[in-house]
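A.B. asks: The structure's right below; bear with me while I get my questions together.
Every number here is computed from the coordinates shown, using simple stated rules; none is lab data. No experiment lies behind these values; they were computed from the predicted model shown. No Cβ is skipped: glycine too gets one built from the backbone with ideal geometry, and neighbour counts run over all protein chains shown.
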Amino acid sequence: MPSVRAPLSLPSPLTPYAESLPGIDIANLSGKLIVIEGPDAVGRSTQVSQLRLWLEQEGHAVLDTGMARSALAGKGIARAKEGNTLGPVTMTLYYVTDFADRLENEIIPALRAGFVVLTDRYTYSIMARAIARGEDPQWIERVCGFGLVPHAVYYLRAKVKDLVSRVVIGRGAFDYWESGMDCHFGGDMYESFVNYQTRLIRALDRMASRYGFIDIDASKPPEAIFHELQRRIMSMQLKKVNGTARPPRVARKVSG
């Protein structure tokens with residue numbers, strides 16, 4: 001694994017880490033971008049769902065989004081993963097495409113309309129997964145450099161043994177991709193899960209100081225984690241948006 005890289009001098013929130021996507025207008029973004037990060041099976045989706053409900057009850061317009069949900073690439077990723085045939089670099093670029101599509105057509109329009117955007121994972125998970133599978137950290141960081149700097153990144157920090165317990169108790173079976181079986185990190189699903197998630201957590205831990213993550217102890221009960229996230233988000237003094245809570249989208253151009 002690569003050595004720890006120095007903390008970034010982060011640009012202001014809602015500006016790109018490096019260069020913006022060509023032709024994408026990022027002016028006049030008045031919303032808030034909040035990221036919930038962490039390894040697989042740590043409980044991110046549960047927290048995002050609860051946070052969205054709470055924020056909407058408080059009168060905020062909210063968009064929640066996450067990996068592999070884009071109109072352009074989401075279904076393609078699902079189909080490709082069914083065959084278990086994606087190579088590591090191909091899978092990484094598929095997820096980058098998914099993120100770029102959601103950024104252009106969902107996240108930026110919602111931010112321009114003043115929404116709170118809650119995202120279940122961000123470019124950091126794309127980078128961590130790539131690094132865990134042996135890809136070059138500097139390459140994937142450059143590839144993901146068009147991502148906007150969030151207002152806050154809450155990192156649900158966990159140990160592998162806690163993730164194993166969540167999978168066994170909650171699902172009863174390990175997932176092929178969450179176990180890194182495409183790269184054969186172990187002789188069986190359990191061993192591969194432990195080894196892959198160890199590598200993934202190590203990559204995320206190294207990003208924590210570099211990208212200014214806010215640590216949340218994910219070994220606590222879900223209710224305690226939610227209350228801590230509530231407390232931290234309340235301190236951001238979010239703006240309420242009047243009118244419809246339906247997030248805007250960019251209309252897609254149809255050729256023909």
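A.B. asks: Just checking, which of D182, D188 is touching a residue at least 40 places away in the same chain (Cβ under 8 Å) and surrounded by fewer than 21 Cβ atoms within 10 Å (Cβ to Cβ)?
C.D. replies: D182
A.B. asks: Answer yes or no as to whether I216 is in contact with a helix residue (DSSP H, G or I) (Cβ under 9 Å, 6 or more places away or on another chain), in contact (Cβ under 8 Å) with a residue 40 or more places away in the chain, crowded, with 17+ Cβ neighbours inside 10 Å and over 26 Å from R133 (Cβ atoms).
C.D. replies: No.
A.B. asks: Hey, could you check region 167-179 for residues that are in a helix (DSSP H, G or I) and surrounded by fewer than 16 Cβ atoms within 10 Å (Cβ to Cβ) and say which is nearest to the chain's Cα centre (by Cα)?
C.D. replies: Per the stated criteria, the residue is G170.
A.B. asks: Can you pull out every residue in region 29-64 that is in contact with a Pro (Cβ under 9 Å, 6 or more places away or on another chain) and among the polar types (S, T, N, Q)?
C.D. replies: The answer is T46, Q47, Q50.
A.B. asks: Return only the number of the condition from (1) over 13 Å from the mean Cα position of the chain (by Cα); (2) closer than 18 Å to D175 by Cβ that R44 does not satisfy.
C.D. replies: Condition not satisfied by R44: (1).
A.B. asks: May I ask you to list the residues in region 142-164 that are assigned to a helix (DSSP H, G or I) and either touching a strand residue (DSSP E or B) at 6+ places or on another chain (Cβ under 8 Å) or closer than 17 Å to E178 by Cα (or both)?
C.D. replies: Of everything in region 142-164, those that are assigned to a helix (DSSP H, G or I) and either touching a strand residue (DSSP E or B) at 6+ places or on another chain (Cβ under 8 Å) or closer than 17 Å to E178 by Cα (or both) turn out to be V160, K161, D162, L163, V164.
Here is a yes/no grid of residues against (1) in a loop (DSSP other than H, G, I, E, B); (2) among the aliphatic types (A, V, I, L, M):
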{"position": "L86", "(1), (2)": "yes, yes"}
{"position": "T92", "(1), (2)": "no, no"}
{"position": "I108", "(1), (2)": "no, yes"}
{"position": "G114", "(1), (2)": "yes, no"}
{"position": "V117", "(1), (2)": "no, yes"}
{"position": "I126", "(1), (2)": "no, yes"}
{"position": "I140", "(1), (2)": "no, yes"}
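A.B. asks: For region 2-39, which residues satisfy the criterion of being buried (at least 22 other Cβ atoms within 10 Å of the Cβ) and in contact with an Asp or Glu (Cβ under 8 Å, 6 or more places away or on another chain)?
C.D. replies: If the condition is that a residue be buried (at least 22 other Cβ atoms within 10 Å of the Cβ) and in contact with an Asp or Glu (Cβ under 8 Å, 6 or more places away or on another chain), then I36 is the only one that fits.
A.B. asks: Something else: Would you mind stating whether R142 is closer than 24 Å to I201 by Cα, of a type outside the set (A, V, I, L, M, F, W, C) and touching a residue at least 60 places away in the same chain (Cβ under 8 Å)?
C.D. replies: yes
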